[in-house]
Amino acid sequence: MKFKAMKKLLLAAVALGCMLVAEARGTEDVRLPQPDLNKGLTVMKALSERQSVRECAPDDLSLDDLSGVLWAANGVNRPETGGRTAPSALGKQDIDVYVFTAEAVYLYDHAGHSLKHRVDGDHRSLVAGQQDFVKTFPVVLLFVSDTSRFGMDGERVRLMAAMDAGIVSQNVSLYCAANGLCTVPRASMDTEGLCKLLNLTPAQLPMMNNPVGYPKK
Ligand SMILES: Cc1cc2nc3c(=O)[nH]c(=O)nc-3n(C[C@H](O)[C@H](O)[C@H](O)COP(=O)(O)O)c2cc1C
């Protein structure tokens, strides 16, 4: 009996070890901790701190800050209705947030507040385009509008998609300003390369991105 219990414990430890290694290698989905709604500067102080920053410290983003910045970007803030931190044109919530790290690319699952693994490897250079500094940021958030959610197309839809992405990006900038992180909103990127990598449909448009890190000391 004792031996059986020990064997079970050992197997559980091995399984947990495998999970942690897999997570570190970026091959698995990642559950995020709950965002801390009581931290950070006031909105007015965050607004006074907001600025574009194009260099950062080499440190990885903590899971708590990744959780906070994604929830701020476009997380669920009204669970009873599924309402989100960012408004969207016609309430269509067309913006998907992709998370690029040195290990992998993930899609932010707002409903489960988790990361869904999409592609292995470091693909930050595709979001960087011509601006090499982007690759030095530990995390780059990419905002893709799925315009099919509007149920129509045309110039007006593209404008609404751009506005929706801008709002999500500003949420990120304010979270960063309020919590001692640095970021810059960007429209430049290798759009074609990103569409290929993420297997996007013609209706899914990469609109903007925000590299996120800690300020250089
Ligand atoms: C829609 C949009 C696109 C931008 N694209 C880029 C970009 O591709 N690369 C970049 O370095 N900065 C980009 N920026 C940042 C601006 O250059 C920056 O906001 C501006 O110089 C003002 O500086 P501040 O943000 O510190 O006030 C962009 C900003 C916006 C709003």
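The values are calculated or read from the model by the stated rules, or taken from the named source; none is laboratory data. Computed from a predicted structure; not experimentally measured. In this analysis, Cβ positions are derived from the backbone assuming ideal geometry, glycine residues included, and neighbour counts consider all displayed protein chains. We work out accessible area using only protein heavy atoms, side chains counted, and drop any ligands, DNA or RNA first. Shrake-Rupley method; radii C 1.70, N 1.55, O 1.52, S 1.80 Å.
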Does region 160-182 include one or more residues that are outside any strand (DSSP E or B), modelled with pLDDT of 95 or more, open to solvent by 40 Å² or more (accessible area, probe 1.4 Å) and among the acidic types (Asp, Glu)?
no
Please go through (1) more than 14 Å from the ligand (Cβ to nearest atom); (2) surrounded by fewer than 21 Cβ atoms within 10 Å (Cβ to Cβ) for Val99 and return the number of the only condition it doesn't satisfy.
(2)
If you go through Asp132, Asp153, the only one that is among the acidic types (Asp, Glu), within 13 Å of the ligand (Cβ to nearest atom) and either open to solvent by 30 Å² or more (accessible area, probe 1.4 Å) or free of Cβ contacts under 8 Å to residues at least 12 places away in the same chain (or both) is Asp132
Name the residues in region 32-51 that are closer than 15 Å to Cys182 by Cα, open to solvent by 50 Å² or more (accessible area, probe 1.4 Å) and in a loop (DSSP other than H, G, I, E, B), would you?
Leu41, Arg50, Gln51
Gly121 fails exactly one of the following numbered conditions: (1) touching a Gly at 6+ places or on another chain (Cβ under 9 Å); (2) on the phi < 0 side of the Ramachandran plot; (3) open to solvent by less than 40 Å² (accessible area, probe 1.4 Å). What is the number of that condition?
(2)
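Can you tell me which residues in region 188-214 are within 13 Å of the ligand (Cβ to nearest atom) and surrounded by fewer than 20 Cβ atoms within 10 Å (Cβ to Cβ)?
Selection gives Ser188, Asp190, Thr191.
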Checking Val144 against (1) assigned to a helix (DSSP H, G or I); (2) under 16 Å from Ser88 (Cβ atoms); (3) more than 12 Å from the ligand (Cβ to nearest atom), only one condition comes out false. Which one?
(1)
Might you check whether a residue that is away from the ligand (no atom under 16 Å from the Cβ) and either basic (Lys, Arg) or closer than 17 Å to Gly68 by Cα (or both) occurs anywhere in region 159-177?
no
